[in-house]
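Asks: Quick one: this structure, given as structure tokens, is what I'll be asking you about.
The values are calculated or read from the model by the stated rules, or taken from the named source; none is laboratory data. Predicted, not measured: the structure shown is a model, and the values here were computed from it. Glycine also receives a Cβ, built like all others from the backbone with ideal geometry; neighbour counts cover every protein chain displayed. To get the accessible areas, we keep the full protein, side chains included, count just its heavy atoms, and leave off ligands, DNA and RNA. Shrake-Rupley method; radii C 1.70, N 1.55, O 1.52, S 1.80 Å.
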Amino acid sequence: MSTISPAALKARLGTAGAELAFLDVREFGEYGMSHPFHVVNLPLSRLEAGIIRLVPRLAAPIVVMDRADEGRARHAQQRLSALGYRDVAVLAGGVEGWTEAGFGCFAGVNVVSKTFGELAHERFHTPVIDAETLAAKQTRHEPLHIFDGRPLTEYHKMNIPGSVCCPNGELARRLPALLDGDRETPVVINCAGRTRSIVGAQTLRWLGIDNPVYALENGTQGWRLAGLELEHGSQRRYPARAPVDERWAQAAQTTATAHGARAIDTACLNDWLADETRTTYLFDVRTAEEYHDDGHPEAVHAPGGQLIQATDHWVGVYRARIVLLDDDACRAPMVAAWLALMGHEVAWLEGGRRGWGEIAVAAGRGVAEVTPDVPTLELAAALDSAQLLDLQPGMAYRQAHLPGAHWVNRALLETQLADLDPGALTVLVGDAGAVVCLLPDLKMRGFHRVKWLPLALDTWRSQGIDLVSTPESPADAECIDYLFFVHDRHDGNLEASRRYLAWETGLLAQLDAEERATFAI
């Protein structure tokens, strides 16, 4: 089995033009406590279900990492090879070997995107307004537009009073309608912390908006730290339909070109998709509603604002090519401008919807398994003398599970299956992806009478099933799939918010020269 040393991997990450998928196969909670800058989390418990999305090209070079080369990375290497990946190496010594070699690690998630937000603020001097000043303006009933740059689900949980939801990726398309000709009233962009506030406000500056523009310093967390109250459950949002403002569309394209992105036609895109030596991601950056109505089957939905905020959720191959689709040639170039500054090779398909044409099927890609190769059961049959294995995340299992169900995580099977009977009927309770990932390991351990019960907690409740809650089981130490790092910062824990904001503003100081060179700012 192929291995790579920390020093060799660090050098490879610093080699211009060389593609590499660096994957941390530890569970999400472990990853979030400490990981190398460039690594992307794909837990072993979701490996087979998530690999095609993150690393679509079978020939892409991959390095997998665990804690200390304790076996999980080698297991992932074997599974990826079985799926057809041809170049998979294990990081010798895991994350512990990485740190022993003198290389730095970062806490938190979406670290590259968060660090980039701080770098953008440092570079572009995006104007900010603090919570106290904004609240005072509201108290004096001064005219203000406050737009929340997060998705509607996050906005619905908590928002600045009076704000309207308009995700950053939609600003270039929706904001002219929201402003309705107003070129004077100050505009404030906020998020829950810092990154999306900065990105949204700077986006409007690049688009040439006449109104004064500010990022709300520290977002909703800063608002609460100032002793101010948030709204909850708000539904104010951008208009579902809005005409394209050609002036803004042209500004978006000009900005994208200036920052290193470019427009390509369908012929160029098809050449890239046919190239088996490079990875090309094709993302539709429009809203979920638009994508589900008429999205192209070759494109993956990645809302533009979130693609900037959490690029590692969609892009698993460092230095791959990224192509963005929209239907207005307005949103895609604006998102492309930001991704180019992040250091990605990025383009948008020119002409909007008119440029979709005949997009070809990408070459050299694997096929994702979406349905487990085991029979399904009804609830009554599953509860009748079968041993139930619950595949939910640990914290979700604590909240609600079927009576008698054992919680399992692929990384902990050695101990969790010790007292179970491999010969008994075993029913897996969970989503298709979790079941697909666990099946090979169960078969290796002699569990051959396996069936699947798709998770349906709300349906079972409506049928009168008494679900079980176990607030302390699994124990915190077992919940390696849950990140306890300032997890309750949006639930009233102000100290957690302080720690989070200190973490975010401290990211730049942690970068070494190679990591800082990631960005094109």
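Asks: Would you please name the residue that is nearest to the chain's Cα centre (by Cα), looking only at residues in segment 158-191 that are of a type in the set (A, V, I, L, M) and part of a strand (DSSP E or B)?
Replies: Among those that are of a type in the set (A, V, I, L, M) and part of a strand (DSSP E or B), it is ILE189.
Asks: Moving on. Quick check, is VAL468 within 21 Å of ALA380 (Cα to Cα), touching a Leu at 6+ places or on another chain (Cβ under 6 Å) and either in contact (Cβ under 8 Å) with a residue 40 or more places away in the chain or surrounded by 18 or more Cβ atoms within 10 Å (Cβ to Cβ) (or both)?
Replies: Answer is no for this residue.
Asks: Take segment 394-437 and flag every residue that is buried (at least 20 other Cβ atoms within 10 Å of the Cβ), of a type outside the set (A, V, I, L, M) and in a loop (DSSP other than H, G, I, E, B).
Replies: Within segment 394-437, ASN409 is the sole residue that qualifies.
Asks: Could you please tell me which pairs satisfy a Cβ distance under 6 Å, a separation of 6+ or placement on different chains, a first residue in segment 114-135 that is closer than 21 Å to ALA310 by Cβ, and a second residue that is small (Gly, Ala, Ser)?
Replies: THR126/ALA201; THR126/ALA215
Asks: Shifting gears a bit: In this structure, does ALA477 turn out to be open to solvent by 40 Å² or more (accessible area, probe 1.4 Å), free of Cβ contacts under 8 Å to residues at least 12 places away in the same chain, out of contact with any Leu (no Cβ under 9 Å at 6 or more places or on another chain) and within 30 Å of GLY14 (Cβ to Cβ)?
Replies: On the way: open to solvent by 40 Å² or more (accessible area, probe 1.4 Å): yes; free of Cβ contacts under 8 Å to residues at least 12 places away in the same chain: yes; out of contact with any Leu (no Cβ under 9 Å at 6 or more places or on another chain): yes; within 30 Å of GLY14 (Cβ to Cβ): no.
When the stated conditions are applied, ALA477 does not pass them.
Asks: Could you check how many residues of segment 483-521 are assigned to a helix (DSSP H, G or I) and either among the charged types (D, E, K, R) or over 20 Å from PRO36 (Cβ atoms) (or both)?
Replies: Number satisfying all stated conditions: 14.
Asks: Hey, another quick one. Of all residues in segment 348-375, how many are closer than 20 Å to THR459 by Cβ and surrounded by fewer than 15 Cβ atoms within 10 Å (Cβ to Cβ)? Break it down stepwise before answering.
Replies: Kept after step one, since they are closer than 20 Å to THR459 by Cβ, are these residues of segment 348-375: 371-372, 375.
If we keep only those that are surrounded by fewer than 15 Cβ atoms within 10 Å (Cβ to Cβ) as well, we get 371, 375.
Selection size over segment 348-375: 2.
Asks: How many residues are touching a residue at least 40 places away in the same chain (Cβ under 8 Å), under 24 Å from ALA363 (Cβ atoms) and either touching a strand residue (DSSP E or B) at 6+ places or on another chain (Cβ under 8 Å) or open to solvent by 50 Å² or more (accessible area, probe 1.4 Å) (or both) if we restrict to segment 269-298?
Replies: 16
Asks: Do we find that ALA242 is without any contact (Cβ under 8 Å) to a residue 24 or more places away in the chain and either more than 17 Å from GLY162 (Cβ to Cβ) or surrounded by fewer than 21 Cβ atoms within 10 Å (Cβ to Cβ) (or both) in this structure?
Replies: When the stated conditions are applied, ALA242 does not pass them.
Asks: Could you list, in sequence order, all residues of segment 304-326 that are surrounded by fewer than 20 Cβ atoms within 10 Å (Cβ to Cβ) and within 21 Å of HIS292 (Cβ to Cβ)?
Replies: If the condition is that a residue be surrounded by fewer than 20 Cβ atoms within 10 Å (Cβ to Cβ) and within 21 Å of HIS292 (Cβ to Cβ), then ALA310, HIS313, TRP314 are the ones that fit.
Asks: Would you be able to tell me the number of residues in segment 1-27 that are touching a His at 6+ places or on another chain (Cβ under 9 Å) and open to solvent by 10 Å² or more (accessible area, probe 1.4 Å)?
Replies: So the answer is 1.
Asks: Go through segment 72-86 and give me each residue that's in a loop (DSSP other than H, G, I, E, B) and either touching a residue at least 40 places away in the same chain (Cβ under 8 Å) or open to solvent by less than 20 Å² (accessible area, probe 1.4 Å) (or both).
Replies: Correct list: LEU83, GLY84, TYR85.
Asks: Enumerate the pairs (first residue in segment 370-397 and touching a residue at least 40 places away in the same chain (Cβ under 8 Å) and within 14 Å of PHE447 (Cβ to Cβ); second residue anywhere and open to solvent by 30 Å² or more (accessible area, probe 1.4 Å) and acidic (Asp, Glu)) with beta-carbon separation below 9 Å, excluding pairs fewer than 6 apart on the same chain, so at least 6 apart or on different chains.
Replies: GLN387/ASP421; LEU391/ASP431
Asks: Sticking with this one: Residue check, GLN250 against (1) surrounded by 13 or more Cβ atoms within 10 Å (Cβ to Cβ); (2) under 27 Å from the mean Cα position of the chain (by Cα), all met but one. Which one?
Replies: GLN250 satisfies every listed condition except (2).
Asks: Kindly provide the set of residues from segment 44-68 that are under 19 Å from the mean Cα position of the chain (by Cα), open to solvent by 10 Å² or more (accessible area, probe 1.4 Å) and under 14 Å from GLY364 (Cα atoms), ordered by number.
Replies: Selection gives ILE52, ARG53.
Asks: Just to verify a result, which residue in segment 501-521, among those that are of a type in the set (Asp, Glu) and more than 16 Å from GLU122 (Cα to Cα), is surrounded by the fewest Cβ atoms within 10 Å (Cβ to Cβ)?
Replies: ASP512
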